[in-house]
Amino acid sequence: MNVRHTTLTAAIALARLRRLLPRRPARPISRTTCANRPLAARCPTSSNAKAVHASRNDQFEARDVILDNNGAEHVRMKRSYRGLPVIGGDLVIHNNRAGKLASVSQTLTHEISIDTHASLSKSEAVLNAGVDFGTAFDGVSDAKLVVYARGKAPQLAYEVVYTGFMPDQTPTEMHYFVDANNGRILDKWDGIHTKGKPGGGGGNGNGGSGATCDTDSVGTGRTLTLGNVPINTSSCSDGSFQMVDLSRGGGYTTDLKNRTNGSGTTFSDADNTWGNNSTSDRATVGADAHYGVSETWDYYQNIHGRDGIANDGKGALSRVHYGRNYVNAFWSDSCFCMTFGDGSGSYLPLVALDVAGHEMSHGVTSRSANLTYSGESGGLNEATSDIFGTMVEFYSNSAYDQPDYLIGEEIYASNPGNSKALRYMYNPSLDGASPNCYSGSLGSLDVHYSSGVANHFFYLLAEGSGNKTFSNGTISSPTCNGSSLSGIGRSKAEAIWYRALTVYMTSNTNYAGARTATINAANDLYGSATASDVAAAWDAVSVN
Ligand SMILES: [Ca+2]
Ligand SMILES: [Ca+2]
Ligand SMILES: [Ca+2]
Ligand SMILES: [Zn+2]
């Protein structure tokens, strides 16, 4: 703990005691007139300025380009205003095959015109965020000016990031957006994306002794949840092996040895047989995670043509044995890594296929639509992970973990008939907290509950409302409008959601926007009849 930390802790404690926030009058807003000037090379083409609500002070930077077979292109861009990042100002420009603008996906509705001089000081912003976070922080960023454009009108705000740990050992990287004029907290969200609670280094390919480990090899994973499976490892010049998947971008799996930070130690082994199907060998759950991530990689590559989390062919770090008796798993944007807890009591280690697929899909979301982990967009972010985690389970089709629309059914030490799960996509309210049907208050729920409506939509779209049999027996799905749906099948449904996520959704997309995005995607891929099926599935969960 340094001097700054100590001083800030005292200030936060005092301010929390008083609950007195500095109040400043808002500065008058100067009006910048729209000049439809030609935009620079980093901007959308000059004729697009009005379509993207660009003022003369906006700058754009391309993050991603998707090319369709017919030559149409979709350019995802970040926006800044007078050099400040615009939170919620991102967009996707859709150009037809002739290179002409066809449409724009965005949530900004008007050009930005705000004064970028703050009347609140940076230290006041840090303090105000700290009043909300509390004194149990490990680190805090400087306050950084941004334009917050997720609300009704864009506002000047400070972004402040507090890091620490929750009481259950989950790390937290809370991003606060503090009004730069009156000090109010406009929004906050966590950079750590968890699996959701029940009931509520580097893969350098080198061995430890200076040996080089640069040859792809296939070993046997004696897993906890999937029996014995082949896993891709690397073989080293000294005859040993490492849990590094050279066939999938060098993704690697480490033992955190019950710590809550660091990259851990890459699993290594003498005979390329990993674990013993029991938690008595630390490598067992390493093999589960390593295999689950490789199956998820293959799912994205073979089904969606995506080359890894960031579509750049690079593998990621998976850390197992996080903390002590930790009953969760999470994705972290800042380490670009997945982390798995050991479970506790009636909960097994959280390394099942749908968990690995869920966490890795958080990475895919963060490198595509980047759905903000707050409000309705946060629910859509969680639903995306549940949808693709489940589709990975169907893709893998293991006899040890039969496919279903349950999330986390394999984390229970005892679960006869798979009667228990964290979430139930076909009937979300079975978890006691997730609504089946949309309402205007959905965005105020925890993102693991506001995801339910999109999970429900996806189930109805893929499978329909009638009886179907999965690992938990014969189920059916209630509709909110009394309609009967027959389902278009999983392969169409997953392709539609993936295209909606990567081509049409942006960081601030809400449920209404998800309806539009999936209808657009269905039209592109399968035509208007399927788009009507998509609309009917949204109608059936009250997203009209
Ligand atoms: Ca071994
Ligand atoms: Ca299953
Ligand atoms: Ca499942
Ligand atoms: Zn999650």
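The values are calculated or read from the model by the stated rules, or taken from the named source; none is laboratory data. Keep in mind that what you see is a predicted model, and the values were worked out from it rather than measured. Counting neighbours? That spans all protein chains shown, and the Cβs are built from the backbone with ideal geometry, glycine included.
Miscellaneous remarks
- Among the residues of region 312-331, those identified as under 17 Å from the mean Cα position of the chain (by Cα) and either part of a loop (DSSP other than H, G, I, E, B) or modelled with pLDDT under 95 (or both) are GLY315, ALA316, ASN328.
- Within region 381-430, considering residues that are assigned to a loop (DSSP other than H, G, I, E, B) and among the hydroxyl-bearing types (Ser, Thr, Tyr), the one farthest from ligand 2 (Cβ to nearest atom): SER414
- Some residue of region 251-264 being in contact with an Asp or Glu (Cβ under 9 Å, 6 or more places away or on another chain) and either within 15 Å of ligand 1 (Cβ to nearest atom) or hydroxyl-bearing (Ser, Thr, Tyr) (or both): yes
- Just so you know, in region 258-311 the residues that are basic (Lys, Arg) and out of contact with any helix residue (DSSP H, G or I) (no Cβ under 6 Å at 6 or more places or on another chain) include one that is farthest from ASN328 (Cα to Cα), and it is ARG282.
- Odd one out for ARG423, checked against (1) of a type in the set (Lys, Arg); (2) touching a helix residue (DSSP H, G or I) at 6+ places or on another chain (Cβ under 6 Å); (3) surrounded by fewer than 24 Cβ atoms within 10 Å (Cβ to Cβ): (3)
Let's see how each residue does on (1) assigned by TED's automatic domain parsing to the domain that holds HIS74; (2) away from ligand 3 (no atom under 14 Å from the Cβ); (3) farther than 16 Å from THR225 by Cβ:
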site	(1), (2), (3)
CYS337	no, yes, yes
GLY341	no, yes, no
SER368	no, yes, yes
MET391	no, no, yes
SER398	no, no, no
LEU406	no, no, no
GLU410	no, no, no
ARG423	no, no, yes
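- Members of region 64-101 that are aliphatic (A, V, I, L, M), part of a strand (DSSP E or B) and surrounded by 15 or more Cβ atoms within 10 Å (Cβ to Cβ): ILE66, VAL75, MET77, LEU84, VAL86, ILE87, LEU91, VAL92, ILE93, LEU101
- Of all residues making up region 265-292, the number that are closer than 9 Å to ARG222 by Cα, in a loop (DSSP other than H, G, I, E, B) and within 11 Å of ligand 1 (Cβ to nearest atom): 2
- Flag if LEU461 is more than 14 Å from ligand 3 (Cβ to nearest atom), under 25 Å from GLN301 (Cβ atoms), assigned by TED's automatic domain parsing to the domain that holds LYS492 and touching an Asp or Glu at 6+ places or on another chain (Cβ under 8 Å): yes
- Of the residues contained in region 479-491, one or more are found to be modelled with pLDDT of 95 or more and part of a helix (DSSP H, G or I).
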